[in-house]
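Visitor: Here it is, the structure in full.
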Amino acid sequence: MRLVALEIRDFRKLAGLWRIGPFDRGLTLIGGDNEEGKSTVLLALKSALFEAWSVGGRIREAMTAHGGGTPRVAVTFELGGTRYELAKEFGRDCTLRGPGGPLRGDAAEAELQRLLRFEPRRGRAERRAEHQGLSALFWVDQGTSFLPETTAAAIAAQRDRLGALLRREIGMVAAGPLLAALRARIEQQYAQFWTEKGQEKRSGELAALRSRIAERESLVATLRAARARYDEAVEKLERARAERARAEAPERLEQARERLRIATERLARIERLEADRALARKTVEAEAAELRRLEEELRARAELREKLARDEAALRALEAEARDLDHRVREIEERLAALDAEQTRLAEAAVAARKRLALAQAARELLERQQETGRLRRLADEAEEKAEAIARLEAERSATPPIDEARLRRLKDLAGEVDRLEAGLLAQATRIELFPDPGRSARTAEGSPIDPARPLDLTAPTELVLEGFGRIRVSPGGDLAGRRRALAQARDHLAAALAELGLGDLAAAERALARRRELDVRLAGERKALEGLLRGAGVLDLESLRSRLRVEQRRLETGRQSLGEDAEPAQLAGASDAAARAVEESEGALAKVRAEAEAAGRSAAAERERLAGIEGRRRELLRAVDSARNEQLAAEARLSEADLEAARRAAAERHREALARVAAIDGELARLDGEDVRLRKTLAERELAALEDEVRRCRREVDRLEGEVRGLGVEACDSRLDDLERALGQHRAEAAALEREARAWKLLRECLAEAERAGAERLVEPVTRRLEPYLRRLLPEAEPLIDAERLVPVGLRRSDVVEPLEELSVGTREQLAVLVRLALGELLLEREGEAPCLILDDALVFADEDRFARMKAILAKAAERQQIVVLTCRPRDWLGLPGTRLRLEDCRASAPARG
Amino acid sequence: MTIRILHTADWHLGAPFTWISGDAGAVLRERRIEVIREIAALARARQVDAVLVAGDVFDGQHVADALLDRTLEILASWDGLWILLPGNHDPARAESVWTRLVRRGPPPSVRIALDRAPIPIAEGRAVVLPAPLADRRSPDDPTAWLDEAPSPTGALRIGLAHGAVEGLVATAQRVANPIARDRAARAGLAYFALGDRHGTLEVAARTWYAGTPEPDEFRYREAGNVLLVELDGPTAAPRVEAIPTGRFHWVERRLELAPRTPAELAARIEALRDELPAAPERCVLRLALDGAVDLAGRAAIDEALARLAAAVRHLVPLDELVLQPAELELAALEDGGPIGVCARALHERTRRAPSEEERAVAELALRFLWQERNRLARGEGAGG
């Protein structure tokens, strides 16, 4: 469709009559300021073509101009080379003039729909893309060109028309209802087996079959396991029976028994020989014992003789030794008697010397005690004096006022406060200076005279009496009353603090503190002196010193009494050294004599003990000699020594014979090898027992396995297994067939979808081919990406990087949307022989200068084949473009009718 | 006086036929029992001295007790002597189907040859020398002992064994349970009754395989008999009559198919009915299909096979047909749009599938596409 001219009257902003056009076959630029009505031009055009003439209600109200009147739009356009004139007066009339003559009203509307291929809007339905035909795609409202959904919705509305063109171009047949039905049928079959995501369904015939197969396989496995257990048990039973047969073989038992019998007989002979040998060995032992007894007796008789001779010689030697010892004892006893007498004498001399020494020592101690008592008495006297001085000083200190540094500072602070308040009060006081005439005077109200030479500082209302004048009342200003109260309060505090200490004023307080300090110094000196005296006496306090002095005096008195009334202590003390020497000498001599006596005593006792021992041994030897002689006589009387020797020789002969008998038996036993025979017998016994055990064990095992086999046979011979295996085989075959069928439907679905996808991609190719030249001018390095299904741009590919549409800038999106429309326009031009008019309302406002320049060039190029109308509020930006340029304000043909 | 015996073998009672599902399997299993009842009737009718069963009486050791009871009940229907020999499927093990059968108390007329001990028959005029198997597979000849087996003077010696006669089957592998081909001559047997091979065969002089009385596999065409054997003396040739007892025929056929019209292909399948040896319901048919067919032919074959399966007792199809869509068929799917592209892609997949299963899936998908597209084109709705 090509626009030729447009006439608008009383349509929204465009009140009055507006004639717009004629439109260029290429590019027409309509400039106008904001709010001037450019978008209304586009709306009026759309309303004329796609809104019913009879439309009413809100839709018509929205068309009506602000100044009133009936909205009317007349459009002259060409379609397929034919010119049409459409005049639509909304609510009143509609006329379409074409080659077939004028059509009016609904007939005109119907013809319009046929020509422009759009679906009329019904009632108050929302206006959609399909209600505007191709113009929905090619007439782009202000501010919508960059919106992907605008393009998508517009293309979707024309999908069939555009798709048909594209298919025609690539020689593809349109998918008819057959394909849809086939797809539905395949989907229906596919859905029986597969989920939407291509997973095998968990429900359905195949799944149920698989479930049944799994159940039966489990049961079959159980039953087969039972059979396997049964077969295994049968195998074991057969082996056990074979083993039992081997164990029960009679020759094995017979051979074992024969070996046992032979070993048993041999062992019995050996045991008899061993008994004989034991008897022979006892005979040998008895004969050997008799022989030893006889030989022992002969040896005892010889030893007795020798012993008697030795004892007699020893007895004689002892008697000689005893005599010598007795003589020596007597000599020692005489020496002891002499020593005892000397000891007695020396002991008496020592006692006398010790008495003298004790007296001299007591006298010395008495002298020392006298000196100590004198010293203590002197110290006690001095200490008593110091104690009295301290008591006096303490009494004096107690009599002074109890003032200290802190209290004095407090008094000074209070006095300072009084001074400060007084100064403040005086500073605020009213000073009255009187200069009376001679003879004149003044006095206070109370009558006290006032000295004119001294000024009066009044801090309170005061009445004065001026002689010859009368009374005068002076009232000082300011807060003198408060200052006076504060001063009185401070003075009260100072007075109270002084009274508490018993002081009259601050100076008295300072004197009292100085006196207290002096007394404290003197007290400290006295106390220190007293402590020195007490330390010298070795006590802690004065009372202890007094007590110690009393004790020393009592000891001194006792010492004098013990020496005697007449004794002279000094004389006695001088003899003490001589007494000590006498004691030492006498005790030394006594000790020497005593040691000598003790040594002689010990020597005498030793000799006596030795003498007693010799006597004891002599008596023993005497008894032994007597006993041996008696024994010799008794033995000889029993058996003579010659007879005893004969008996010994006979016993030796019998012993030899018995030994020979034992040796003969040993030889026989060695030949028979008893140990080997016993071992063989043991082995034979064990072998026989083992064989019998084996037979019993085999029999038990066979019995057990027979029971087990029978028990297992019940389950193993279950006929269900055959039934199950039959069913399983059938199910598996059915499942395989169903699985193949399922895969076949899936494959068919995938192949068909792939074919449809490939077709759709081919469909895109004509659009892409037409878009690419435009895009190269705008973005030389970019390739367009078009959604095969929806034919809408979905992004760009630059340097092999895919950039989705939503990630592109608004400007690029808008430019791409315009280019797609130009490409589709080309398609329509080539396929239908006519491109639709492209109307852009304030488009490309997001383009930068470079892009804008490129887009201008592109639109200029496109305008050579396609009609393009640009509505813009910035017509200067579009300078240089070929085509017609209109100013909207120049299009007004008449002013609106008033009222 | 002639000694008359029935020689049979390989009853395989309890064979599960797990691979034959549904009613057909049940009928075949039941038939294996019923044929024993017919053998008993035959024994009565022909007044035989004994029925010798040469092994594999039971299909396995684990047959159900109910089957044992039923077997004994059928054997009791003839009071003559049954001699049952353990074979490789039912060897005489320590615990076996035989010990279970013995515990159930078989009638005196049923003798189970568990040991290598002669069994006199016909009032001692003949003695059966059994060679029972104690294992499923043994490398030793179980009949070796027959050469030295004692027998009363003048009594005919009849061997009874189960195994593979040496040289009968050409194989490089060692044969299990081998039997010397000349055993009958070496052991002085008047007749050597064998079991193991399911087809009836005189394998050597006086030596016969009776075969199974009811066929149960496709290998042996000569299956389905029992042998009536008449022995006139130790040196006289036995008179052997094969008496048919089989009801079902196990038939194998192979069809090599090439693209033809659907009607021609269907007719090829239908024609098989006329080639069957018996009525279709008495045939178990294994049909191998080879070659290549187009989409329409494939559909026609599928329909014809469904009809054939309904007619025969059981159909085992071995379908190795390759789908080879005709260019016209692919062209018919060409719609200038996705359906044609999809059809070409699937066809390509059938040709380039990495595995047989992938190829089968792709073929099936192509068949679905073709069927559904045609159905929809005919105006049949999606719900059809």
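The values are calculated or read from the model by the stated rules, or taken from the named source; none is laboratory data. Every value quoted in this text rests on a predicted model; they were computed, and no experiment measured them. When we count neighbours, we look across all protein chains shown, and the Cβ atoms used for this are built from the backbone with ideal geometry, even at glycine.
Visitor: Tell me, please, whether a residue that is touching a helix residue (DSSP H, G or I) at 6+ places or on another chain (Cβ under 6 Å) and either surrounded by fewer than 13 Cβ atoms within 10 Å (Cβ to Cβ) or under 30 Å from A:Ala360 (Cβ atoms) (or both) can be found in segment A:604-614.
Guide: There is no residue in segment A:604-614 that is touching a helix residue (DSSP H, G or I) at 6+ places or on another chain (Cβ under 6 Å) and either surrounded by fewer than 13 Cβ atoms within 10 Å (Cβ to Cβ) or under 30 Å from A:Ala360 (Cβ atoms) (or both).
Visitor: For A:Glu807, state whether it is touching a residue at least 12 places away in the same chain (Cβ under 8 Å), surrounded by fewer than 16 Cβ atoms within 10 Å (Cβ to Cβ) and away from every other protein chain (no Cβ under 14 Å).
Guide: Yes.
Visitor: Residue under question is A:Asp24, and the condition is that it be in contact with a strand residue (DSSP E or B) (Cβ under 7 Å, 6 or more places away or on another chain), under 21 Å from A:Ile839 (Cα atoms), part of a loop (DSSP other than H, G, I, E, B) and modelled with pLDDT of 85 or more; does it hold?
Guide: Judged against the criteria, A:Asp24 is a match.
Visitor: Please tell me if A:Ala300 is of a type outside the set (Asp, Glu) and closer than 25 Å to A:Gln632 by Cα.
Guide: Criteria met by A:Ala300.
Visitor: How many residues does segment B:109-162 hold that are among the small types (Gly, Ala, Ser), without any contact (Cβ under 8 Å) to a residue 60 or more places away in the chain and farther than 18 Å from B:His89 by Cα? Lay out the reasoning, then the answer.
Guide: The initial filter retains those residues of segment B:109-162 that are among the small types (Gly, Ala, Ser), namely B:109, B:113, B:117, B:122, B:124, B:126, B:131, B:134, B:138, B:144, B:149, B:151, B:154-155, B:159, B:161.
Still in the list and also without any contact (Cβ under 8 Å) to a residue 60 or more places away in the chain: B:109, B:113, B:117, B:124, B:131, B:134, B:138, B:144, B:149, B:151, B:154-155, B:159.
Those still in the list that are farther than 18 Å from B:His89 by Cα too: B:109, B:117, B:124, B:144, B:149, B:151, B:154-155, B:159.
Number satisfying all stated conditions: 9.
Visitor: So, one more: Within segment B:35-52, identify whether any single residue is in a loop (DSSP other than H, G, I, E, B), within 13 Å of chain A (Cβ to nearest Cβ) and over 17 Å from the mean Cα position of the chain (by Cα), and answer yes or no.
Guide: no
Visitor: Right, another one. Return the pairs, sorted by first residue and then second, in which the second residue is of a type outside the set (A, V, I, L, M), the first residue lies in segment A:324-342 and is more than 14 Å from A:Arg602 (Cβ to Cβ), the beta carbons are less than 9 Å apart, and the residues are 6+ apart or on different chains.
Guide: Here the result reads A:Leu325/A:Glu607; A:Leu325/A:Arg608; A:Leu325/A:Arg610; A:Asp326/A:Glu607; A:Glu342/A:Glu596, each pair linking segment A:324-342 to a residue that is of a type outside the set (A, V, I, L, M).
Visitor: Just checking, how many residues over segment B:335-344 are within 7 Å of another protein chain (Cβ to nearest Cβ) and buried (at least 20 other Cβ atoms within 10 Å of the Cβ)? Walk me through it before giving the result.
Guide: Filtering segment B:335-344 down to residues within 7 Å of another protein chain (Cβ to nearest Cβ) leaves B:335-339, B:341-342.
The next check asks that each one be buried (at least 20 other Cβ atoms within 10 Å of the Cβ); those that pass are B:335, B:338-339, B:341-342.
Residues in segment B:335-344 being within 7 Å of another protein chain (Cβ to nearest Cβ) and buried (at least 20 other Cβ atoms within 10 Å of the Cβ): 5 in total.
Visitor: Which of (1) at pLDDT 85 or above; (2) not in a helix (DSSP H, G or I) is the odd one out, the single condition A:Arg790 does not satisfy?
Guide: The failed condition is (1).
Visitor: Here are the criteria: (1) buried (at least 16 other Cβ atoms within 10 Å of the Cβ); (2) in a loop (DSSP other than H, G, I, E, B); (3) not polar (S, T, N, Q). Tell me which single one A:Asp10 does not satisfy.
Guide: (2)
Visitor: Any idea which of A:Arg378, A:Arg354 is assigned to a helix (DSSP H, G or I) and either free of Cβ contacts under 8 Å to residues at least 12 places away in the same chain or exposed (fewer than 11 other Cβ atoms within 10 Å of the Cβ) (or both)?
Guide: A:Arg378
Visitor: Quick check on my filter: what residues within segment A:491-533 are over 20 Å from A:Ala391 (Cα atoms) and among the charged types (D, E, K, R)?
Guide: Once the filter is applied, which keeps residues that are over 20 Å from A:Ala391 (Cα atoms) and among the charged types (D, E, K, R), segment A:491-533 yields A:Arg491, A:Asp492, A:Glu500, A:Asp505, A:Glu510, A:Arg511.
Visitor: Turning to a different aspect of this structure: Would you check which residues across segment A:757-787 are within 14 Å of chain B (Cβ to nearest Cβ) and either at pLDDT 85 or above or more than 22 Å from A:Leu828 (Cβ to Cβ) (or both) and list them?
Guide: Once the filter is applied, which keeps residues that are within 14 Å of chain B (Cβ to nearest Cβ) and either at pLDDT 85 or above or more than 22 Å from A:Leu828 (Cβ to Cβ) (or both), segment A:757-787 yields A:Arg757, A:Ala758.
Visitor: Taking segment B:117-138 only, how many residues are over 29 Å from the mean Cα position of the chain (by Cα) and of a type in the set (D, E, K, R)?
Guide: Residues flagged as over 29 Å from the mean Cα position of the chain (by Cα) and of a type in the set (D, E, K, R) within segment B:117-138 amount to 2.
Visitor: Would you call B:Gly233 assigned by TED's automatic domain parsing to the domain that holds B:Pro86, surrounded by 24 or more Cβ atoms within 10 Å (Cβ to Cβ) and either touching a residue at least 60 places away in the same chain (Cβ under 8 Å) or over 20 Å from the mean Cα position of the chain (by Cα) (or both)?
Guide: So B:Gly233 fails the test.
Visitor: Residue under question is A:Ala184, and the condition is that it be within 14 Å of chain B (Cβ to nearest Cβ), without any contact (Cβ under 8 Å) to a residue 12 or more places away in the chain and either more than 30 Å from A:Glu765 (Cβ to Cβ) or of a type outside the set (Gly, Ala, Ser) (or both); does it hold?
Guide: When the stated conditions are applied, A:Ala184 does not pass them.
Visitor: Could you list, in sequence order, the residues of segment A:242-262 that are buried (at least 17 other Cβ atoms within 10 Å of the Cβ) and either away from chain B (no Cβ under 14 Å) or closer than 18 Å to B:Pro91 by Cα (or both)?
Guide: A:Ala247, A:Ala256, A:Arg259, A:Leu260
Visitor: While we're here: Can you tell me which residues in segment B:87-115 are of a type in the set (Lys, Arg) and buried (at least 16 other Cβ atoms within 10 Å of the Cβ)?
Guide: B:Arg93, B:Arg100, B:Arg111
Visitor: Search segment B:355-377 for residues that are at the interface with chain A (Cβ under 7 Å from one of its Cβ atoms) and under 15 Å from B:Ala345 (Cα atoms) and pair each with any residue that is crowded, with 17+ Cβ neighbours inside 10 Å and of a type in the set (Asp, Glu) when their beta-carbon atoms are under 7 Å apart and the residues are at least 6 apart or on different chains.
Guide: B:Leu364/A:Glu741
Visitor: Still on this model: List the number of the failed condition for B:Leu330; all other conditions in (1) at the interface with another protein chain (Cβ under 8 Å from one of its Cβ atoms); (2) part of a helix (DSSP H, G or I) hold.
Guide: In the conditions (1) at the interface with another protein chain (Cβ under 8 Å from one of its Cβ atoms); (2) part of a helix (DSSP H, G or I), B:Leu330 misses (1) alone.
Visitor: Okay, moving on. Output yes when any residue across segment B:65-86 is within 14 Å of chain A (Cβ to nearest Cβ), of a type in the set (Gly, Ala, Ser) and surrounded by fewer than 21 Cβ atoms within 10 Å (Cβ to Cβ), and no when none is.
Guide: Taking every residue of segment B:65-86 in turn, at least one turns out to be within 14 Å of chain A (Cβ to nearest Cβ), of a type in the set (Gly, Ala, Ser) and surrounded by fewer than 21 Cβ atoms within 10 Å (Cβ to Cβ).
Visitor: Just to be sure before I move on: is A:Gly833 of a type in the set (Gly, Ala, Ser), at pLDDT below 85 and surrounded by fewer than 21 Cβ atoms within 10 Å (Cβ to Cβ) in the structure I sent?
Guide: Considered against the rule, which asks whether it is of a type in the set (Gly, Ala, Ser), at pLDDT below 85 and surrounded by fewer than 21 Cβ atoms within 10 Å (Cβ to Cβ), A:Gly833 comes out as yes.
Visitor: Residue pairs, Cβ under 8 Å, 6 or more apart or interchain, first in segment A:705-717 and within 9 Å of B:His62 (Cα to Cα), second among the small types (Gly, Ala, Ser) and modelled with pLDDT of 85 or more. List them.
Guide: Pairs that qualify, where the first residue is within 9 Å of B:His62 (Cα to Cα) and the partner is among the small types (Gly, Ala, Ser) and modelled with pLDDT of 85 or more, are A:Ala716/A:Ala226; A:Cys717/B:Ala64.
Visitor: Ok, one more. Give the residues of segment B:273-302 that are closer than 30 Å to B:Arg351 by Cβ and either more than 29 Å from the chain's Cα centre (by Cα) or in a helix (DSSP H, G or I) (or both), sorted by residue number.
Guide: B:Ala292, B:Val293, B:Asp294, B:Leu295, B:Ala296, B:Gly297, B:Arg298, B:Ala299, B:Ala300, B:Ile301, B:Asp302
Visitor: Return the residues of segment A:405-440 that are touching a residue at least 24 places away in the same chain (Cβ under 8 Å), charged (D, E, K, R) and out of contact with any Asp or Glu (no Cβ under 8 Å at 6 or more places or on another chain); say none if nothing qualifies.
Guide: A:Glu405, A:Arg407, A:Arg410, A:Lys412, A:Glu417, A:Glu422, A:Asp437
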